[in-house]
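Before any comments, here is the structure.
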Amino acid sequence: MTDSTAPEAHADLTEAERARIRAEMRHAMIAAEAMRPAPPRPAPDKPWPERLLGMLSNGFVLLLIGSAITSFLVPQFQRAYEARTRAAAQRQEVFAQFLLYSNSMLQEYYAVLPLTLEPEIEKDTYVQAMGAISEIKLKRYDAYAKVQALAVVFRGDDLAARSAVEAAIEDYAVKVNQASAAIDDWLRGLYCTPVKRADSPCARFDPLFDGHRAFGTVQATVLDIVNQRSDQVAATIAAHFQASR
């Protein structure tokens, strides 16, 4: 019965009523669609500094950064610090070795100073004096070799270019060798030139040699090196040492 009466009920509706029902249904669907919540809008992009801070605040990222610092940066800083420490110690050693080198000139000078009281010397005295100053010269050569090797530290990044410190030390060494040769000549003149003796023990000698006057020249040369030129080289080393810190 129910199935047979339903079509009859729908058949009683007029065309206007059907149009009204369809209109009401469309209106209800539009109203329901309007009441449906709108989908959320996508969040705007954050500025890059904020995004970077967000990434850095991530625990895994922090772990990676810490591992990189521990593995690479810390050893590099450590090696750089150790290199600076070694270079500073080497520069100090240059200064110490130079003082030893320059003091040897005074040692050589004072080794022959007592002989200035003698107008001439015999062979034994001459040999003894030459032996004493030869030992001083050997020590000076060792000190100079060490100074040369250590002074390379003042070249900085350009290892092929000679530094101002090396140039000052080499110029000083030339003056020291000249003064040392003057002492040798004076000592030889004192031995070879007869004053009280009838003959000279040497095949050749300067008959006009005067031991006291000649030593005055030697003394002026040595004291100029010790008092003036040594201080100049030491000041050059100290200035470059301070500049390299």
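The values are calculated or read from the model by the stated rules, or taken from the named source; none is laboratory data. The structure presented is a predicted model; accordingly, all values stated were derived computationally and were not measured. With ideal geometry, Cβ positions are generated from the backbone for all residues, glycine too; neighbour counts draw on all protein chains shown. Ligands, DNA and RNA are stripped out before the accessible areas are found, and what is left, the full protein with its side chains, is counted by its heavy atoms. Shrake-Rupley method; radii C 1.70, N 1.55, O 1.52, S 1.80 Å.
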Which of the residues that make up the range 117-137 are more than 34 Å from the chain's Cα centre (by Cα) and hydrophobic (A, V, I, L, M, F, W, C)? Leu117, Ile121, Val127, Ala129, Met130, Ala132, Ile133
Looking at the range 217-230, can you tell me whether even one residue there is in contact with a Leu (Cβ under 7 Å, 6 or more places away or on another chain) and at pLDDT below 90? yes
The residue that is most open to solvent (accessible area, probe 1.4 Å), considering only those in the range 191-208 that are within 13 Å of Glu118 (Cβ to Cβ) and in contact with a helix residue (DSSP H, G or I) (Cβ under 9 Å, 6 or more places away or on another chain), is Val195
Only one of Ala96, Ala89 is under 25 Å from the mean Cα position of the chain (by Cα), farther than 21 Å from Val226 by Cα and among the small types (Gly, Ala, Ser); which? Ala89
Go through (1) among the small types (Gly, Ala, Ser); (2) open to solvent by 80 Å² or more (accessible area, probe 1.4 Å); (3) part of a helix (DSSP H, G or I) for Ala160 and report which single condition fails. (3)
Can you name the residue in the range 138-157 that is more than 22 Å from the chain's Cα centre (by Cα) and surrounded by fewer than 17 Cβ atoms within 10 Å (Cβ to Cβ) and, of all such residues, is nearest to Gln97 (Cα to Cα)? Asp142
Given the criteria at pLDDT 65 or above and under 30 Å from Ser230 (Cβ atoms), does Ala28 qualify? no
Starting from residues that are among the acidic types (Asp, Glu) and farther than 22 Å from Tyr109 by Cβ, keep the ones in the range 157-183 and report whichever is modelled with the highest pLDDT. Glu166
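Condition check ((1) in contact with a strand residue (DSSP E or B) (Cβ under 7 Å, 6 or more places away or on another chain); (2) free of Cβ contacts under 8 Å to residues at least 60 places away in the same chain; (3) in a helix (DSSP H, G or I); (4) under 22 Å from Ala235 (Cβ atoms)) across all residues:
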{"residue": "Pro119", "(1), (2), (3), (4)": "no, no, no, no"}
{"residue": "Ala129", "(1), (2), (3), (4)": "no, yes, yes, no"}
{"residue": "Ala143", "(1), (2), (3), (4)": "no, yes, yes, yes"}
{"residue": "Lys146", "(1), (2), (3), (4)": "no, yes, yes, yes"}
{"residue": "Leu150", "(1), (2), (3), (4)": "no, no, yes, yes"}
I'm told Ser134 meets every condition in (1) more than 23 Å from Gln232 (Cβ to Cβ); (2) in contact with a helix residue (DSSP H, G or I) (Cβ under 9 Å, 6 or more places away or on another chain) except one. Can you identify the failing condition by its number? (2)
